[in-house]
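All of the numbers you see were taken from the coordinates with simple rules; none came from a lab. Remember, it's a predicted structure, so these values are computed and weren't measured experimentally. When we count neighbours, we look across all protein chains shown, and the Cβ atoms used for this are built from the backbone with ideal geometry, even at glycine.
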Amino acid sequence: AVADARAYEEGGAQAIMIENFGDLPFGRHAVAPETVASMAVAAQSIREAGCKLPLGFNVLRNDVSSGLGLAASCEGAFVRVNVHTGAVEADQGIIQGEAHDTIRKRAGLCPGVGIWADVLVKHAVPIGDLGIEEAARDTFQRGLADALIVSGVATGEPTGVEDLRKVKGACPDAPLLVGSGARVSNARDLLEYADGLIVASSLKLDGILSNPVDVDRVRELRAIMD
């Protein structure tokens, strides 16, 4: 975690996000206490190593309560919420958004922490006939998310530019982030509508997700954004 954080910071990233991505298969609800403890240790280690970047947390698959606890105790800047409003069918079963509880818990624990919420999250399909524009409006206007994330169908899969256009049109005031598949070859197209990129796969050594972060790849992508 420390080595990857250093590579992101040296390469010019503007923030980093800690995930329990190695916990496959994920559960639907609260993660085990040792998972939260491990993520807290990772965050503390990153800070002790001198990394100054804002920290975010994503507790997979959708344990936003633990994410808020981590943000409150580890000086986090934001949490990612895979399902903030509505309901989806995923490989974990049915996952329902808990925006009501999330917004109120944040108010008590860490009111300055941003809620970065996925719109029709990857590795899942919405329950009901819900278009991406309607889902975006629900997430931003009714769920009170601070930023919206649009992804492809799976980790590392490209995010559709047309999906970004639709979400930006539906919620022009919402900060919009790409949640998967961003790389040097498509970054300019994505940034026509998106305000930022959440990137892991293409920034790893040889583009392999399980490898360490390659600082040169981070620099190359960052140069496109400047």
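Number of Lys-Lys pairs in region 2-225 with C-alpha atoms under 30 Å apart and a separation of 8 or more places or on different chains: 10. Counting only DSSP beta bridges with both residues in the chain, the antiparallel share comes to about 30 percent.
Per-residue ellipticity at 222 nm computed for the chain from its helices equals -10000 deg cm²/dmol, with DSSP H segments shorter than 4 residues left out and the rest contributing -39,500 (n - 2.57). Near residue 45: Cβ cut-off under 13 Å, other residues only, Lys/Arg at +1 and Asp/Glu at -1. The net charge is 0. Taking every alpha-carbon pair in region 2-225 and binning the separations at 10 Å intervals from zero gives 8, 34, 40, 17, 1 percent. In this simple spin-label approximation, residue 44 and residue 21 carry label points 7 Å from Cα along the Cα→Cβ vector, and these lie 2.4 nm apart. Each label point was placed 7 Å from the Cα along the Cα-to-Cβ direction; for residue 28 and residue 104 their separation is 2.2 nm. Taking label points 7 Å from Cα along the Cα-to-Cβ direction, residue 94 and residue 155 give a separation of 2.7 nm.
Within a 10 angstrom radius of the beta carbon, how do 102, 35 rank from fewest other beta carbons to most? Please list the in-between numbers first.
Numbers: 102 23, 35 18.
Least crowded to most crowded, the residues run 35, 102.
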